[in-house]
Amino acid sequence: MAELVGKAGIYALKQSLQSIKKERNINVTVVCADAATGGNGLGRHHAGYIKKLGADLITTGDCCFFKKDLVESWVPYVIRPANLGSGCSSGKADVNDKDQVPGFGWRVFNIPGTETKAAAAVLLGTNFTRIKADNPFTKLNSLLEKLRTQTSLIVIDFHAWASGEKRTLFAAAAGRCTAVIGSHNRVQTADEEILDGTAVICDAGRTGSTESVGGANIDGRILEYRTGIPDWTREACDKCELQGLIIEADDLGRALSIERIRVPVPDKSGS
Ligand SMILES: [Fe+2]
């Protein structure tokens, strides 16, 4: 599911996820929640609630360490970018080494109700992102080498600004994993395709208010651009949608189809 933004995003997930999972016979649900708590970052309680609403795994991005409670007490169903922390003092390179930075860069897990394993990972882009990540292209290689020893069903969330960087990473990953899904821009793009068995798209979209700027209040964002003064009351709540993708894959982990979804969610008054 596309990046949840604020309480509107959590509301949209609550209203629609379970029915979509049932109607479309979804086996695994990965939810991007980099902006779920107040439009920036993910708090520990929201992480637990999103899992309860039906997420098997939750991804984050450049805001992965914004909420102290999660940083201090990470949970195994949340992953942060795998290409962080190799510059830390111990010098170890393992992405799941907790001596480096908090959290997990990837997880391998059983698809609910089966013995089949799937894996998900996050990579952070390096163009224009606010925290300095290690090279996502070299990390992609070591990550796939590691994950492919355990499963061929591998989904990567590439959290990045620039479509050029995203499309280049898609080409580098083609034929080596099930999907590479772009996130962070929060605007669903129409460039989805399957490259040698790997489903790709520059941006899965946004789950939350569509009458907004990236999920933020429109007037507040205009004011920010006009004056440079941050608007701290910036969540938008109108015209909510659950956005995301449904990807079908075969037993070898090769993508067969990728479909964009946009599901309008009635507001609390029922309109
Ligand atoms: Fe982000």
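Readers should treat all values here as calculations from the given coordinates under stated rules, not as data from a laboratory. These numbers come from a predicted model, not from an experiment. We place every Cβ from the backbone using ideal geometry, glycine too, and count neighbours over all the protein chains shown.
Could you tally the net charge around Glu193, taking each other residue with its Cβ under 13 Å from the Cβ of Glu193, Lys/Arg +1 and Asp/Glu -1? Please report the intermediate quantities before stating the final value.
Numbers: positive: Lys166, Arg167, Arg260; negative: Asp191, Glu192, Asp196, Glu259.
So the environment of Glu193 carries a net charge of -1.
For the chain, set up a Gaussian network in which alpha carbons nearer than 10 Å are linked by springs, and say which option among Ile111, Ile247, Ile58 fluctuates the most. It is Ile111. Largest GNM mean-square fluctuation across Tyr11, Tyr77, Tyr225, computed for the chain with C-alpha springs under 10 Å, falls on Tyr225.
Please get the size of the charge dipole for segment 143-262, origin at its Cα centre, with Cβ charges of +1 on Lys and Arg and -1 on Asp and Glu, quoted in debye to the nearest 20.
Values: 14 positive and 19 negative charges, 52 e Å.
For segment 143-262, the charge dipole is close to 260 debye.
Partner aspartates and glutamates whose Cα lies under 15 Å from the Cα of Lys21, excluding those fewer than 8 positions away in the same chain, are identified as Asp56, Glu248, Glu259.
Mind telling me which of Asp34, Asp251, Asp56 comes out most flexible in a GNM of the chain, alpha-carbon contacts under 10 Å? Among Asp34, Asp251, Asp56, the largest GNM mean-square fluctuation belongs to Asp251. In loop segments of segment 94-174 as defined by DSSP, the GluC sites (Glu not before Pro) with at most 11 further C-beta atoms inside 10 Å of their C-beta are Glu115.
List the pairs from Lys51/Lys166; Lys7/Lys52; Lys139/Lys166 whose alpha-carbon separation is above 19 Å, in the order I gave them. Could the numbers behind the result be given before it?
Values: Lys51/Lys166 27 Å; Lys7/Lys52 15 Å; Lys139/Lys166 14 Å.
With Cα atoms farther than 19 Å apart: Lys51/Lys166.
With contacts taken as Cα pairs under 8 Å and at least 6 residues apart, segment 1-65 reaches a relative contact order of 38 percent. Under the combined filter of DSSP loop state and at most 12 neighbouring Cβ atoms within 10 Å, segment 1-49 retains these trypsin sites (Lys or Arg not before Pro): Arg24.
Taking trypsin sites (Lys or Arg not before Pro) across segment 183-271, the ones in a DSSP loop with at most 12 further Cβ atoms lying within 10 angstrom of their Cβ are Lys268. Taking a ≥ b ≥ c as the square roots of the Cα gyration tensor eigenvalues, with a/c under 1.5 meaning rounded and otherwise prolate when a/b beats b/c, else oblate, which class fits segment 3-264? Rounded shape, in that the Cα axes give a/c under 1.5.
Taking every C-alpha pair closer than 8 Å and separated by at least 6 residues, the mean separation divided by the residue count of the chain gives a relative contact order of 18 percent. Near the amide H of Gly85, within less than 5 Å, lie the amide hydrogens of Asp134, all on another chain or at least 5 residues away, with H placed in the peptide plane.
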